[in-house]
1. Which of the residues belonging to the range 128-180 are of a type in the set (A, V, I, L, M, F, W, C), surrounded by fewer than 17 Cβ atoms within 10 Å (Cβ to Cβ) and over 19 Å from GLU89 (Cα atoms)?
2. Looking only at the range 67-114, which residues are of a type in the set (D, E, K, R), touching a strand residue (DSSP E or B) at 6+ places or on another chain (Cβ under 7 Å) and within 21 Å of PRO177 (Cα to Cα)?
3. Please go through the range 43-61 and give me each residue that is part of a helix (DSSP H, G or I) and open to solvent by 40 Å² or more (accessible area, probe 1.4 Å), ordered by number.
4. With of a type outside the set (Gly, Ala, Ser), closer than 21 Å to HIS63 by Cβ and in contact with a His (Cβ under 7 Å, 6 or more places away or on another chain) as the only criterion, which of ASP98, ASP103 stands out?
5. Within the range 62-82, how many residues turn out to be exposed (fewer than 14 other Cβ atoms within 10 Å of the Cβ) and either part of a helix (DSSP H, G or I) or among the hydrophobic types (A, V, I, L, M, F, W, C) (or both)?
Amino acid sequence: MASRPPRTLTVLTAAAALSATTAAHAAHAAHAAHAAHGVRDTGRHTPGIVTAWARAWNGTDPHALGALFTADGTYTGEAVAITFRGRGEIAGWKARADTLIADVRVTVRATRLDGDRVTVQAGYSGHLQGAPRSFAAPMTTVLDLDAHHCRIACGQDHYSLAAVLAQSGLPADWPPPAPPAP
């Protein structure tokens, strides 16, 4: 007489097979949906505009950052609730950041391209003027590109100002020093 597997084992085996089939179908559907909308994780390939953006932040020439934007481009620092318009103001923002933050660095960790939008996962670090310690915080930047993907039309930085101040050893209500007089 042939032995019969217990009913519980049969049910568990069928449930596992059904789960695997459902998971594979869901993964395929998600991949197809992303492909249909042009969303792709850029993996190891970082778009050139993102490399230039990080290089400009890490460099010492404020105009290098401004030059990456369209003539009427905007750059918003969400944590400090301020928007800069045009290449001159954007370059001014970089110059101000350089006087306020020693060794300011942006380190690109991952990028995701969706049509004309690049989402950048990065590290943001430096040493705020007068702070007892340096900071290193995660940051997400959204770059909306022009039609040719060679200039930034709109940039938005998202990071936690509270985390930056806490890591720096500064109070949550710390006011940045006034810019030097011209």
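The values are calculated or read from the model by the stated rules, or taken from the named source; none is laboratory data. The model shown is predicted, which means the values in this text are computed figures rather than measured ones. Here Cβ is always computed from backbone atoms with ideal geometry, including for glycine, and neighbour counts include all displayed protein chains. Note: areas computed on protein heavy atoms with side chains; ligands, DNA, RNA excluded. Shrake-Rupley method; radii C 1.70, N 1.55, O 1.52, S 1.80 Å.
1. ALA136, ALA147, CYS150, LEU161, ALA162, ALA163, ALA166, ALA172, TRP174
2. Hits for the range 67-114 are GLU78, ASP98, ASP103, ARG105.
3. GLY48, THR51, ARG55, ASN58
4. Working: ASP98 fails: in contact with a His (Cβ under 7 Å, 6 or more places away or on another chain).
From the options ASP98, ASP103, the qualifying one is ASP103.
5. Here is the first cut: in the range 62-82, the ones exposed (fewer than 14 other Cβ atoms within 10 Å of the Cβ) are 71-72, 80-82.
Then drop every residue that is not either part of a helix (DSSP H, G or I) or among the hydrophobic types (A, V, I, L, M, F, W, C) (or both), which leaves 71, 80-82.
The number of residues fulfilling the criteria is 4.
Residues are listed down the side, and each one gets a yes or a no for (1) crowded, with 17+ Cβ neighbours inside 10 Å; (2) among the aliphatic types (A, V, I, L, M); (3) under 25 Å from GLN167 (Cβ atoms):
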site: ILE90; (1), (2), (3): yes, yes, no
site: ASP103; (1), (2), (3): no, no, yes
site: ASP114; (1), (2), (3): no, no, no
site: GLY123; (1), (2), (3): no, no, yes
